[in-house]
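Any read-out appearing in this document is the output of simple, stated calculations on the displayed coordinates, not a laboratory observation. If you're wondering where the values come from, they're calculated on a predicted model, not measured in any experiment. Quick reminder, even Gly has a Cβ in these numbers, built from the backbone with ideal geometry, and neighbours come from all protein chains shown.
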Amino acid sequence: MDGGGNSLPSVAGAAATKRRVCYFYDSEVGNYYYGQGHPMKPHRIRMTHALLERYGLLGGMRVLRPSPADDRILRRFHADDYVAFLRSANPESLSDPGALRRFNVCDDCPVFDRLYEFCQVYAGASVGAAKELNRGHADIAINWSGGLHHAKRCEASGFCYVNDIVLAILTLLEHHDRVLYVDIDIHHGDGVEEAFYTTDRVMTVSFHKFGDYFPGTGDIRDIGYGKGKYYALNVPLDDGIDDESYHYLFKPIMAKVMEVFRPDAVVLQCGADSLSGDRLGCFNLSVRGHGECVRYMRSFNVPLMLLGGGGYTIRNVARCWCYETGVALGVEVEDKVPDHEYIGYFAPDYNIHVATSNMENKNSRKSLDDIKVKLLENLSKLQHAPGVQFQERPTDMDFEEENEDQEDTNEKNDHNSDRDERPES
Ligand SMILES: [Zn+2]
């Protein structure tokens, strides 16, 4: 990687090769609205899409409209009564207060208009992305509306209702022996870790702020349980981490994970709340530093899924995911944001890359070294495990391949189309 900002060393070789990329987008997704003052804004997905369109990136990939995930798909992970509750939840009519409390649907996770439909769309896109990778129709599958890593089996959490990541990984496991999950959101990827805590077929690696911070889990000592022991990795970080410190850990740890776990597919949750200046975050990563995680994971040439996640300064979320779509395609996007309907958000500089802050980096070299030593030690135990016996592929997870995702021929190669775009609510 060259150019301004941080000059992180790039991975040679495989990085230069082209990848077949598919991208899932539903033009309705930007219209879902969590409510006034709520920091989670699905509008950021539409802003990202508008940038991709104006940068001409849609022409370089297959644009697919997701089929909504039905109850049966959601119930592959979620409890029946929880799915039924989500389906019936409606802001117009009072829900049973006991159920709202039991399923944690309140405050952070409000009932809003067409909530269930929203869940179906973002989960359907992640499951669709998994199917594209399963079929070998794409090397990289992208769903920026997904990555809602906090949702539990029968509980909403941290703005997440349905765990599209778990559903996508379950789909990948139908065709792949080992799936690696990597999470660069500032928050711990608790819902995904918990779902696969006792299996050796899914390894979860989460880089997150730890210590007096939501959701509170993700201690370095949490490493998995039973057959899953050493198959969960937690990288606890402190405020103000910059690109250099982040990659001082990210690259050696991920290189070792790839070497010892040898995944057949990788799911990378690209939560953008780890960027500098995030409304809820406290890290100091640049778009380039965040995108370097995508570039690095792509360089291993293993089927890769890119998902969204957190991200609450929405102009920076759109910048980041546009840049990372470019990374997936092997294109370095121009720094100057082209004129488009949301250009006003990018004032006053109108650039993709924005300066990081001068905040203190509370991660000392000593603390980073301690973390690195400890995690590499855990990984060496996995390495020396005798011939890993993987459990049989689950057979009860099959479901018919109906409602195939449709190639969105209208949007493909049509950079000027703003079909279905609606005014901001
Ligand atoms: Zn987050």
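Site pair residue 334 and residue 137 shows an inter-label distance of 3.3 nm when each label is modelled 7 Å from Cα along Cα→Cβ. Could you pull out every residue, at least 5 positions away or on a different chain, whose amide H is within less than 5 Å of the one on residue 351? Hs are placed 1.01 Å off N in the peptide plane, and Pro or chain starts have none. It is 337, by chain and number.
Between residue 349 and residue 383, the simple spin-label model (points 7 angstrom out along Cα→Cβ) gives 4.0 nm. Taking other C-beta atoms within 10 Å as the exposure proxy, 101, 153 rank 101, 153 from fewest upward.
Calculate the FRET efficiency for residue 239 and residue 279 from the Cβ-Cβ distance with a Förster distance of 22 Å, rounded to the nearest 0.05. Before the final figure, lay out each step's value.
Details: r = 15 Å, r/R0 = 0.68.
The computed FRET efficiency comes out at 0.90.
Which of rounded, prolate, oblate describes segment 104-217, given a ≥ b ≥ c as roots of the alpha-carbon gyration tensor eigenvalues and a/c under 1.5 marking rounded, otherwise prolate only if a/b is larger than b/c? Before the final figure, lay out the partial values.
On the way: a/c = 1.99, a/b = 1.24, b/c = 1.61.
Taking the square roots of the gyration eigenvalues as a ≥ b ≥ c, segment 104-217 is oblate.
Comparing 82, 248, 161 in a Gaussian network model of the chain where C-alpha atoms under 10 Å apart are linked, the largest mean-square fluctuation is found at 248. Taken along the Cα-to-beta-carbon direction at a fixed 7 Å, the label points for residue 370 and residue 79 span 3.8 nm. Where in segment 271-302 does the amide nitrogen come within less than 17 Å of the point 7 Å from the Cα of residue 360, taken along Cα to Cβ? Once the point is set 7 Å along Cα→Cβ of residue 360, 282-284 turn out to lie under 17 Å by backbone N, inside segment 271-302.
Comparing 330, 309, 189 in a Gaussian network model of the chain, where Cα atoms under 10 Å apart are tied by springs, the biggest mean-square fluctuation is seen for 330.
Taking the number of other C-beta atoms within 10 Å as the exposure measure, put 276, 27 in order starting with the fewest.
Numbers: 276 24, 27 18.
The most exposed by this proxy come first: 27, 276.
For segment 224-237, the Karplus equation 6.51 cos²θ - 1.76 cosθ + 1.60, evaluated at θ = phi - 60°, returns couplings of x, 9, x, 4, x, 4, 6, 9, 10, 10, 10, 10, x, 10 Hz by residue, with Gly and Pro reported as x.
For residue 117 and residue 220, the FRET efficiency from 1/(1 + (r/R0)^6), where r spans their Cβ atoms and R0 equals 41 Å, is about 0.55.
What shape does the chain have by the C-alpha gyration tensor, where a ≥ b ≥ c are the square roots of the eigenvalues, rounded means a/c under 1.5, and otherwise prolate means a/b greater than b/c and oblate the rest?
Working: a/c = 1.26, a/b = 1.05, b/c = 1.20.
The shape class here is rounded.
Could you work out the helix-only [θ] at 222 nm for the chain, with each DSSP H run of four or more residues adding -39,500 (n - 2.57) and the total divided by the number of residues, to the nearest 500 deg cm²/dmol? Walk me through the intermediate numbers first.
Working: 11 runs with 132 residues, N = 425.
It comes out at -9500 deg cm²/dmol, rounded to the nearest 500.
The Cα atoms of segment 305-364 give a gyration tensor whose axes a ≥ b ≥ c have a/c of 1.5 or more with a/b no greater than b/c, which makes the shape oblate. Would any residue of segment 344-373 have its amide N under 18 Å from a label point 7 Å out along Cα→Cβ of residue 212? List them or say none. Inside the label zone: 360-364.
Under a Gaussian network description of the chain, with springs only between Cα atoms under 10 Å, the residue in 265, 141, 355 that fluctuates furthest is 355. Annotation: extensible slack from residue 177 through residue 107 equals 21.3 nm (criterion: 0.36 nm per residue apart, minus Cα-Cα distance).
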